[in-house]
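What follows is a set of notes on a single structure, which appears directly below.
The values are calculated or read from the model by the stated rules, or taken from the named source; none is laboratory data. Since this is a predicted model, take the numbers as computed values, not measurements. Cβ placement follows ideal geometry from the backbone for every residue including glycine, while neighbour counts extend to all protein chains displayed.
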Amino acid sequence: MPPIENDTGRAELKTRIQQLIDSNPVLVFSKSYCPFCVKVKDLFKELNVICNAVELDLMADGSNLQDMLMEMTGQKTVPNVFINKTHIGGCDKTLQAHRDGLLQQLLGGENETYDYDLIVIGGGSGGLACSKEAALLGKKVMVLDYVVPTPLGTTWGLGGTCVNVGCIPKKLMHQTAVLGTAMQDARKFGWEFSEAVKHNWETMKTAVNNYIGSLNWGYRVALRDKNVNYVNAYAEFIEPHKIKATNRRGKEVFHTAARFVLATGERPRYLGIPGDKEYCITSDDLFSLPHCPGKTLVIGASYVALECGGFLAGLGLDVTVMVRSILLRGFDQDMANRAGEHMEEHGVKFLRKFVPVKVEELEKGTPGRLKVTAKSTDSDEIFEGEFNTVLIAVGRDACTGKIGLDKAGVHVNAKNGKIPVNDEEQTNVPHIYAIGDILEGKWELTPVAIQAGKLLARRLYKGGTLKCDYVNVPTTVFTPLEYGCCGLSEEKALELYGQDNIEIYHSLFWPLEFTVPNRDNNKCYSKIICNKLDSERVVGFHYLGPNAGEVTQGYGAAMKCGITKEQLDNTVGIHPTCAEIFTTMEVTKSSGGDISQAGC
Amino acid sequence: MAHRLLVRRIWTVSVRDVRCPRAPSSALYSTSLCSSASPQPLLSPRRSLTRALPVTSRRQVSFNVQDQEDFTERVINSELPVVIDFHAQWCGPCKILGPRLEKAIGKQKGRVTMAKVDIDEHTDLAIEYGVSAVPTVIAMRGGDVIDQFVGIKDEDQLDSFVKKLIGQ
Ligand SMILES: Cc1cc2nc3c(=O)[nH]c(=O)nc-3n(C[C@H](O)[C@H](O)[C@H](O)COP(=O)(O)OP(=O)(O)OC[C@H]3O[C@@H](n4cnc5c(N)ncnc54)[C@H](O)[C@@H]3O)c2cc1C
């Protein structure tokens, strides 16, 4: 078709285009072969938005339309995108608008109103922190929390994993075990008490759970006082801006919001072998187990496995840990093995290179009797053993599979169910954010989830710019001999900097409080990893000894400030403590020098 | 829910931190979406909502509130003044205060009753009445909150709290 020269033809063309623009919420002038056009059309498909494409190359007067578009928009190229009558531009501009959230805003339409400014799915560490902060900043906020019971029917209150089935009961039960050790030490310090010392599981369990009950209530009250609308219902997306909330009676209610934060956390993974869900427990059941677990098999070598196995042994129970390959994957292996060795020396049995095959019930009871069959990973050997309780702790899976993320268009890593986000905790769908344990490649720790949630709310509603810093996060594994660390493991430091560029200082030490009872000499260990290319800045901190959390917290702050080996040396220690060891570290690992300690 | 609020008498707020009634949100405790059809669980559900049976003492000084409706009927619409004891199973001091309060009420020989509200079972009520910590005790007459305290009190203090309520 020849170019249109006359005015009526031009006016007609313009009207036609304008009509298209006016009548299509999303309109893309495109060419069927153009890869950029495909990209844009794919984006809308992903966002679950109906997009009308006008394929100029397939139309007789396509080039006339293109010329008129040039006149109308100043853009000659395709794709040429309009959303709700607003001209966006080409592919780059559209993708940028998507990243900025502008696209979403335009798609939502100006007069679209939502029930809430923010809906947070999951009332755990991250979700509660984020919702409270957002409400404090004047936003209308809803948080939904719902606990799907374990296969054995265990359930709990508001607050998520940490409070109910994580950090809190774990640390209190670890403390129970620490007190047991202290009692043994006490005799050496002259305390005299009856020989028979018993532990009552039920008393401990009730006391721990009473404390948790008060925390659950505290969270509930805080939500009321901060004007966060709390709903005890299971949430799932049915549209990008709409969720369905199902309460325990099966009643469904729908809510919409301008923005969403996903904070659904993780739940223990099962083995997928006969008898696992029927007869085994996980950490979700352990802390409220009505009876003492008795002789226990812990399957797995995660920190949860070692912590639980550790405190159960500390209560005087017969504990075996079945390990497929290594202890504490992801942690410094030298440290992990030292923590494991200490457990072994204190009566925990390790069954290495075995994987369970089936679990059968021999006898019901509180506790009952179970038979576990396992096979060796490197031979034909079969293990059969009888236990009262089998605790599975082989890892945790993100709760992202059943919350309608496909309906909202949120990307999930299909392999592990984790959600990839940018450095502002934003998913691929701009109005949907994610925090806490479900994030891909981030720390699974309560303070991290809280920090991320709080900072996210401040960025969204207070013009904040601070992002959550996932580097140099201190943490502690509460094995019987506690292990605290911050920064890189030795393996990771080697990989990042190379052998030649790091210096490792290390030392064994004997805590003063262990000397009189004469136990665990030269078992406690400290190690720092320094970057030689950067003034021996400390890039890895590792401590195996009592009160590791208390020790590591302070050094974590120092590392956040970029402490160097020289500054550590210039720090005056507090005597007599365990933490002071880091101010006097002289022996490098590369020198092979003697690191055993004797006296002051 | 709305109709339940409607049948309530109008009550006035005379104590700080007692909030206007609003549509109750949901309970504090999360439970199953579907009733578990799995084989009889090995473990009894944790912190399950075991409902205490109503106290059947000789003179029935106190009763356990069963639900919102029951609360409206027996507390808000009560002819007698009512002392409401908001308590929790996990709360140590509640276990001391409860019996003490019952004793103080018993002394009044039926001129006042006592309603016991487990805040985990009846979270909405506790939230609505501004309970932040337990034990919280509210004195109500004719549906009006006329007094309240939080925490432990000794017998004498409880006696005068109750006497004040019945106007002695
Ligand atoms: C045994 C154990 C010990 C631990 N010890 C420590 C420790 O010592 N220190 C530490 O820092 N961290 C510890 N952690 C990790 C810590 O508990 C988690 O990192 C933290 O709880 C993560 O917070 P979150 O907000 O991501 O998720 P969570 O706290 O798990 O909260 C998620 C909440 O969302 C709810 N939910 C899920 N899906 C839905 C839905 N569709 N609708 C409504 N609600 C939903 C869940 O029921 C849950 O209540 C431990 C974990 C375990 C298991």
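So the values come out like this:
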| item | result |
| --- | --- |
| Any hit, segment B:120-134, residues being under 23 Å from B:GLN60 (Cβ atoms), more than 14 Å from every other protein chain (Cβ to nearest Cβ) and in contact with a helix residue (DSSP H, G or I) (Cβ under 8 Å, 6 or more places away or on another chain) | no |
| Complete set of residues in segment A:445-464 that are part of a loop (DSSP other than H, G, I, E, B) and either closer than 19 Å to A:GLY123 by Cα or without any contact (Cβ under 8 Å) to a residue 12 or more places away in the chain (or both) | A:LEU445, A:GLY463, A:GLY464 |
| Residue match in segment A:447-454 (condition: more than 16 Å from the ligand (Cβ to nearest atom) and either assigned by TED's automatic domain parsing to the domain that holds A:LEU508 or under 24 Å from A:ALA398 (Cβ atoms) (or both)) | no |
| Unique match (being at pLDDT 95 or above, part of a loop (DSSP other than H, G, I, E, B) and either over 26 Å from A:LEU47 (Cα atoms) or β-branched (Val, Ile, Thr) (or both)) among A:GLY309, A:GLY294 | A:GLY294 |
| Residue count for segment A:65-122, restricted to those that are closer than 30 Å to A:VAL143 by Cβ and charged (D, E, K, R) | 6 |
| Within segment A:130-182, tally of residues that are small (Gly, Ala, Ser), more than 8 Å from the ligand (Cβ to nearest atom) and under 18 Å from the mean Cα position of the chain (by Cα) | 1 |
| Matching strands (runs of 3 or more DSSP E) fully within segment A:162-258 where at least 3 residues are away from chain B (no Cβ under 14 Å) | A:233-239 |
| Scan of segment A:253-311 for residues that are within 30 Å of A:HIS411 (Cβ to Cβ), within 16 Å of the ligand (Cβ to nearest atom) and of a type in the set (A, V, I, L, M), ordered by number | A:VAL253, A:ALA257, A:VAL261, A:LEU262, A:ALA263, A:VAL304 |
| Entirely in segment B:67-168, the helices (runs of 4 or more DSSP H) that have 3 or more residues that are surrounded by fewer than 16 Cβ atoms within 10 Å (Cβ to Cβ) and either without any contact (Cβ under 8 Å) to a residue 24 or more places away in the chain or on the phi > 0 side of the Ramachandran plot (or both) | B:92-106, B:155-165 |
| Matching option when the condition is within 14 Å of chain B (Cβ to nearest Cβ), closer than 30 Å to B:CYS91 by Cα and among the acidic types (Asp, Glu), among A:ASP284, A:ASP276 | A:ASP284 |
| Residue list for segment A:465-476, filter: away from the ligand (no atom under 15 Å from the Cβ) and either loosely packed, with under 14 Cβ neighbours inside 10 Å or among the hydroxyl-bearing types (Ser, Thr, Tyr) (or both) | A:THR465, A:LEU466, A:ASP469, A:VAL471 |
| One residue from B:VAL61, B:VAL117 being modelled with pLDDT of 95 or more and in contact with a helix residue (DSSP H, G or I) (Cβ under 6 Å, 6 or more places away or on another chain) | B:VAL117 |
| Exclusive hit being surrounded by 15 or more Cβ atoms within 10 Å (Cβ to Cβ), out of contact with any helix residue (DSSP H, G or I) (no Cβ under 7 Å at 6 or more places or on another chain), modelled with pLDDT of 95 or more and within 29 Å of A:ALA257 (Cα to Cα), set A:LEU158, A:LEU215, A:LEU144 | A:LEU144 |
| For A:PHE193: the one exception among (1) surrounded by 14 or more Cβ atoms within 10 Å (Cβ to Cβ); (2) farther than 23 Å from A:GLU307 by Cα; (3) not hydroxyl-bearing (Ser, Thr, Tyr) | (1) |
| Strands (runs of 3 or more DSSP E) (entirely within segment A:352-444) containing at least 2 residues that are within 13 Å of the ligand (Cβ to nearest atom) and in contact with a strand residue (DSSP E or B) (Cβ under 8 Å, 6 or more places away or on another chain) | A:389-392, A:396-398, A:432-434 |
| Within segment A:59-117, helices (runs of 4 or more DSSP H) holding 1 or more residues that are closer than 22 Å to A:THR256 by Cα, aliphatic (A, V, I, L, M) and assigned by TED's automatic domain parsing to the domain that holds A:LEU13 | A:102-108 |
